[in-house]
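Quick notes on the structure that follows.
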Amino acid sequence: MLKTLKNPRCILAAITLGFGLLATFPSFGQNNISLPEIGDPSGALITPTQERALGEAFFRNLHGKLTINQDLEIQEYIESLGQRLSSNSDNPAQPFHFFVVVNPAINAFAGPGGYIGVNAGLILATETESELASVVAHEIAHVTQRHLYRAFEAASRMTIPSAAALLVSVLIGTQSAQLGQAAIIAAQAGSAQHRIDFTRDNEQEADRVGMHNLARSDFDPRGMPAFFERLDRTSRYYRDGLPEFLRTHPVTASRISDTRGRSEKFPYRQFLDSTGYLLTKAKLRVLIGSKPNEIIQYFESKLQRGTAIQKAVSHYGYALGLAAVRQYDRARPVLKELIDKNPDESAFINALAGMEVESGNIRTGLRLYRKALEQSPGQQVIVLDYAWALVQAGQNKPADKLLTDYLRNHQATPKSYRILSRAHGNQGHNAQAHRYLAEAYFLAGQTEPAIKHVQIALKEASGHRYLTALIEERLDVFSREEEEREKKEK
Ligand SMILES: [Zn+2]
C-alpha cells in the first residue's frame, strides 16, 4: 500500500492550490472574450450553459494530460457513489460527473461543470467505503459552495478552450504545461499569507459541509478523520521530497481534530462496504499495478481470509492478476468457481467473458456475454467490451446497433467511438469510420487529428447529403475550438 502513496498531501491541496493561484494571478487579459465579465460578486459569473461548455472542454483537455478510466464497471461504481452523495448535497440540482483517473498518486479534484476526478491511488489508499465517500463529499462541497468562483472569475476573461487548459494545468498541477508554470510563478509573487488563509477557509467549509452530506447519504462521518489521519501518518515519510507548494497546504493537526471532534457527535454504528467498492478496488489494484507477480501474491495471501464476500473479492483479484500475465489456464477455474458460487454477481461472469476474448476464444467470450445479458438484462457495463468482441468476430452490424442504442442514453467515451469507427471501417463505410475516429480524438482533447479525420470523412461522404451536413457541422465545431486554442498560444 505504501508504495502507492506518492503525493500524500496533494489530495487536499490540489484544488485549493488552484484557487489560491487563480486568486493572485494578475491578468489573463486576452482580447478574445467569450464569457461575460462579472458584474457584482453575488451574481452568477457564468451561465449554466457556459459552465457546462467549460466543464466539457476541461474534461476533454484532461484526457491529454491524464489517463481517464475507460472501464465501465469502474465508471458505474464511482458514478453511483458520487450520485448517492450529490443527491444529498446542498444543491442536488447541480449536475455532476464522476470519473476515475488511472494513476497511483493520491489525488482528487473538482473542476468546472461539476467534473470530479478521483485517482485510483486514492481509492486504493482508503480502507473503508466511507473514507472514499468522505473525499468525494469534500470535493462535491467545493462545487456546491462555489469555491470555484475565483477560478471562474479568471476564466471569464478567457475563451473556453484557454480557460479549460488553464484550469487543467492549475488543478492537476501538470509541470509540463507552460500555463501552469506561469500561474505558479505569478502566485509565488503574490501574497502567500492571503493565499493560505483563503484556502484554509475553503477546506474547512468543504470538510464541514461534506461531513453532513456523508451522514445524510448513510456513510460513516468518522471515515473523514480516519482518512486524514492515515494520510498524515503516511505523509511523514515523504515530507522532504514534497514540492514546496504542497508543503504549504498540510493536512493540519487542527483540521484533523476538527473533523474528529465533529464526527464524534454522530451516533456510532457499523457501516458495511458495498460489494461494488470491494470489486472496484480489486480491479484497480490490478489495473495500476506495475509488478503483476506482487499483485498475484497479494491476493493469494488473502484467499482464505475474511468474510465470504472478502474471500470472493480476493479470488476475483487473484484471477484478474493471473489473466494480466496471460496465465489464463490458472485464472479460468478460479473465475468459474466464483460464478458457480455467486450466480447473481455479474462482475464474475463479465470477467470470464473478457478474459476469453482477450485470450483469443472470441466465440466462448461472446457466448458468456450473451449469458451475462440474460442474467442481468439491461446491464450496461459490458456494452463496450461486448461490442468490441462482436467487431473482432466480424459481427460489425450488431456491434454498431449495440453501441448506437447505448449512446442514445449514455455519455460517449473515446473508446466507444473507436469501436464504432472500427465496426464501420470493417464494412467499408469510410466516411463513418473517419467521422467516429474524429469524435474519439476530439473527446480525448486532440483537436488537430480530429480535424484531419473529419476532413477525410467529408471527402468520403460526397454524395450523401445528410451525412455531409452532419460532418460539416462537426468540422465547424472542431475548427472553432482549434482556432480559439491557437489564439491562446500566441
Ligand atoms: Zn479541498
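Of Leu368, Thr307, Ala331, which is farthest on the positive side of the dipole of the range 291-381, counting Cα position, with +1 on Lys and Arg Cβ, -1 on Asp and Glu Cβ, and the Cα centre as origin?
It is Ala331.
Stretched out fully, how many nm does the piece from Lys371 to Asn409 gain, at 0.36 nm a residue minus the Cα gap?
Stretched out fully, the Lys371 to Asn409 stretch lengthens by 11.4 nm.
Using the basic label-point model (7 angstrom from Cα toward the beta carbon), what is the Lys487 to Asp340 distance in nanometres?
Rounded to a tenth, the inter-label distance reads 6.6 nm.
Mind ranking 371-378, 279-286 by how tightly packed they are, going by the mean number of other C-beta atoms within 10 angstrom, highest first?
With the highest mean Cβ count within 10 Å placed first, the list reads 279-286, 371-378.
What nm distance separates the two modelled labels at Tyr268 and Glu472, each placed 7 Å from Cα along Cα→Cβ?
7.1
Taking amide H positions as placed in the peptide plane 1.01 Å from N, state which residues far from Tyr115 in sequence (5 or more) or on other chains have amide H under 5 Å from it.
His97
With a 10 Å radius around each residue's Cβ, average the other Cβ atoms per peptide and rank 201-212, 100-111, highest first.
100-111, 201-212
Given the pairs Lys336/Lys397; Lys283/Lys336; Lys336/Lys371, which span a C-alpha to C-alpha distance of over 19 angstrom in this model?
Table pairs above 19 Å Cα-Cα are Lys336/Lys397.
What FRET efficiency do you get for Asn361 and Glu127 if R0 is 30 Å and r is their Cβ-Cβ distance, rounded to the nearest 0.05?
Computed FRET efficiency for Asn361 and Glu127 comes out at 0.20.
If you take all C-alpha pairs in the range 291-381, what percent of them are over 24 Å apart?
18
Going highest first, how would you order 159-168, 323-332 by mean Cβ packing within 10 Å?
My ranking of the peptides, most packed first, is 159-168, 323-332.
Every number in this text was worked out from the coordinates using simple rules, so none of it is lab data. The shown structure was predicted, so the numbers you read here are calculated from the model rather than taken from an experiment. We place every Cβ from the backbone using ideal geometry, glycine too, and count neighbours over all the protein chains shown.
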